[in-house]
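Since the structure comes first, as structure tokens, the remarks are kept for the end.
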Amino acid sequence: MAATIPDPQPGPHPADEAVRSRPDRAGRTEVHGIDHIADDERHGRPRQLFSIWAAANVNYLSLVTGGALVLMGLSLRQALAVIVVGNLFWLLTGLLAVSGPAAGAPSEVITRAMYGVLGNRVNNAIVGWLISVCYFALNLAAAATVAFSLVEKAGITANTGVQIAVVVVIATLTLAIGVYGHGLITRLYLPITLVLMAVFAVAAVPVLGHTDFGYTPDEPLSGVGLWSVLVAGVALIGSGPLSYTTSADFSRYLPRTTSAKSVLGWTALGGFVPSVIVCSLGACAATAVDMSDPQTGLEKILPAWFFPLFLLALVLGTIAINALTSYSAGLALQAVGIRIRRTRSVLVDGVAAVSLTLYGLLISNFLDTVSNVLQLTVVLLGPSMAVYATDIVLRRNRYNGPALMNETPAGSFWYTAGVNPAGALALAAGVAAAALCVNTLYTGPVAEALGGVDLALPVGIVVASGLYALLMRAFGNLPAPQGQA
């Protein structure tokens, strides 16, 4: 069965009865890990997904990436167009979320249908756990950078010791939410969303007041150079929604009969709307101030009384997004096959992320690190999301949750030696094709032939999706039309 054990409960109840005796709700530590959520434990409405994703996307990293588009040489209009196009990938995040209610399982388990029981362990180790920890570290570094400014304003020198302490405090707050789990996230994120929306509404007034809406760089890009930056910008913005191949983690408690369209819509809107707004504010600010140093730049145009509140809101938003990331990373660690309680797996993720964060802040350049990592991860995340989305379409979102829990060779998803060759080959081919087209830390041969235009994201998605559909039919791994996967 699934490689997870419920957290210990008081009293003499057996583990399964203990799980049912403590329903998922705020104030109680979630007892489920990657195990199946029974129908009588399902609850909630799809509109709750909006606040979960909205709170997580009003954050400093979105502000930085929006400003980075102008720094890359785009005009404001071009940057805004890239922001909208890049954020359309939230539709894929929403599509993946529909598999949660259907299976009653998190994404980390549902992907057994794509890669097989053993193949999925490798998938979760890299796409699930490693990528999540990297994003956790990037966002934690972003929140810490903002918090350092607050510390300095309080008259405290942000030396190395203070910086380490700040990182640990923010990580602790983040992990507390991740440890308590789904119930607390569902209850807490609506008020967080309202607070963040109010703060950013106030911030928008002076930012838009200083915006040069006709801004174009002194030397406008054109030809291949322009297309290279436009495509790279879409990959940069799209890396956010593409990183959430785990969106079913937050929809799996919804009743099985929940409308798939509602799950897709509320998830996509929750990510798209705030991401577009915050990224756009970053781009608008970049026409008036130097967004290579966002704190210093924004301080010039925001009211003095409001600036500390704005910084606090950025920290809060980053804590919200990282709580989701740490939660999913904890499930991924279980899905790798390690028998560890979810609460402890979240803490393990936190230790790894804090270590990476301190390296990113104290040793390397933060802005360069953000840009390179976000653009490079699409080589893996694009094909991974494409395989998942294609599987949902091919199966018509019919997933048998209890069958997905069976990790034995007799189970439905053992395939060949524990690996689904269709998923493994499609993912490998998609990543290889994307790697040939990338132009970030290195330039692939296709990108070089195109004068630096990076087509890694669209090529990886198309190759992985098309090959997966062909191989699933060729290997006969699709369920009968009337059956369940």
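The values are calculated or read from the model by the stated rules, or taken from the named source; none is laboratory data. What you see is a predicted model, and the numbers here were worked out from it, not measured in a lab. So basically every Cβ, Gly included, is an ideal-geometry build from the backbone, and we count neighbours across all protein chains shown. To get the accessible areas, we keep the full protein, side chains included, count just its heavy atoms, and leave off ligands, DNA and RNA. Shrake-Rupley method; radii C 1.70, N 1.55, O 1.52, S 1.80 Å.
How tilted is helix 131-153 with respect to the longest principal axis of the chain? Cα atoms for both, answer in degrees (0 to 90, nearest 10).
For 131-153 against the chain, the angle is about 40 degrees.
List, in order, the whole-Hz ³J(HN,Hα) value for each residue of the range 53-68 obtained from phi through the Karplus relation with A = 6.51, B = -1.76, C = 1.60 and θ = phi - 60°; use x for Gly and Pro.
Listing the rounded values in order: 7, 5, 4, 6, 10, 9, 9, 5, 4, 5, 5, 5, 5, x, x, 5 Hz.
Return the distance in nm (one decimal) between the two label points of a simple spin-label model at F213 and R396, each offset 7 Å from Cα along Cα→Cβ.
4.9
With the other protein chains left in place, how much accessible area per residue, in square angstrom, belongs to the chain at a 1.4 angstrom probe?
For the chain, the per-residue accessible area is 38 Å².
Read phi for every residue in the range 257-271 and hand back ³J(HN,Hα) as whole Hz from Karplus 6.51 cos²θ - 1.76 cosθ + 1.60, θ = phi - 60°, with x for Gly and Pro.
7, 4, 4, 5, 5, 5, 4, 4, x, 5, 5, 5, 5, x, x
Quick one: compute the contact order of the range 391-444, relative version, from alpha carbon pairs under 8 angstrom and 6+ residues apart, as a percent. It would help to have the intermediate numbers written out before the result.
Working: 21 pairs, mean separation 7.3, N = 54.
The normalised contact order for the range 391-444 reaches 14 percent.
Starting from the coordinates of the alpha-carbon atoms of the chain, obtain the Kirkwood hydrodynamic radius over all distinct pairs and give the value in Å to one decimal. Present the calculation step by step, with values, prior to reporting the outcome.
Numbers: mean 1/r = 0.0440 Å⁻¹.
Here the Kirkwood hydrodynamic radius works out to 22.7 Å.
Enter the per residue convex hull volume of the range 400-479, computed from alpha-carbon coordinates, in Å³ rounded to the nearest integer.
Hull volume over Cα atoms, normalised by residue count, gives 118 Å³.
Rounded to the nearest 10 degrees, what's the angle between the helix 160-180 long axis and the longest principal axis of the chain, both from Cα atoms, 0 to 90?
Long axis of 160-180 versus the principal axis of the chain: about 40 degrees.
With r defined as the distance between the Cβ atoms of T408 and E448 and R0 fixed at 45 Å, what FRET efficiency is calculated, to the nearest 0.05?
Once the sixth-power term is evaluated, E becomes 0.40.
Assuming 0.36 nm per residue, please report the length gained on full extension of the stretch T416 to R77 beyond their Cα-Cα distance.
Between T416 and R77, full extension yields 116.9 nm more.
Can you give the helix-only mean residue ellipticity at 222 nm for the chain, where every DSSP H stretch with n ≥ 4 adds -39500 (n - 2.57) and the sum goes over all residues, rounded to the nearest 500 deg cm²/dmol? Mind showing how you got there, number by number?
Working: 22 runs with 320 residues, N = 485.
It lands at -21500 deg cm²/dmol.
Tell me the carbon and sulfur percent of the accessible area for the chain, rounded to whole percent, probe radius 1.4 Å. Intermediate values should be presented prior to the final figure.
Details: 12150 of 18340 Å².
The computed percentage sits at 66.
Please list L358, L49 from largest to smallest accessible area, probe radius 1.4 Å, with all protein chains kept in place. Intermediate results must be reported in sequence, preceding the final value.
Values: L358 40, L49 5 Å².
Ranking L358, L49 by accessible area, largest first, yields L358, L49.
Run the numbers for R187 and H43: contour at 0.36 nm per residue of separation, minus the present Cα-Cα distance, in nm.
Extra length from R187 to H43 when fully extended: 50.6 nm.
So what is the relative contact order for the range 173-322, in percent, with contacts set as C-alpha pairs under 8 Å and at least six apart?
Averaging sequence separation for qualifying contacts and normalising by length gives 50 percent for the range 173-322.
With everything on Cα atoms, drop me the angle between helix 421-437 and the longest principal axis of the chain, reported from 0 to 90° to the nearest 10.
Its long axis makes an angle of about 20 degrees.
With each pseudo-label sitting 7 Å past Cα toward Cβ, what's the A428-I156 distance in nm, one decimal?
Label-label distance for A428 and I156, simple model: 5.1 nm.
Taking 1 over the mean of 1/r across every pair of different Cα atoms in the range 166-250, what Kirkwood radius in Å do you get?
Averaging 1/r across every pair of different Cα atoms and inverting gives 17.4 Å.
Given Cα pairs under 8 Å that are at least 6 residues apart, what percent is the relative contact order of the chain? Before the final figure, lay out each step's value.
Details: 902 pairs, mean separation 152.0, N = 485.
Dividing the mean separation by the residue count of the chain yields 31 percent.
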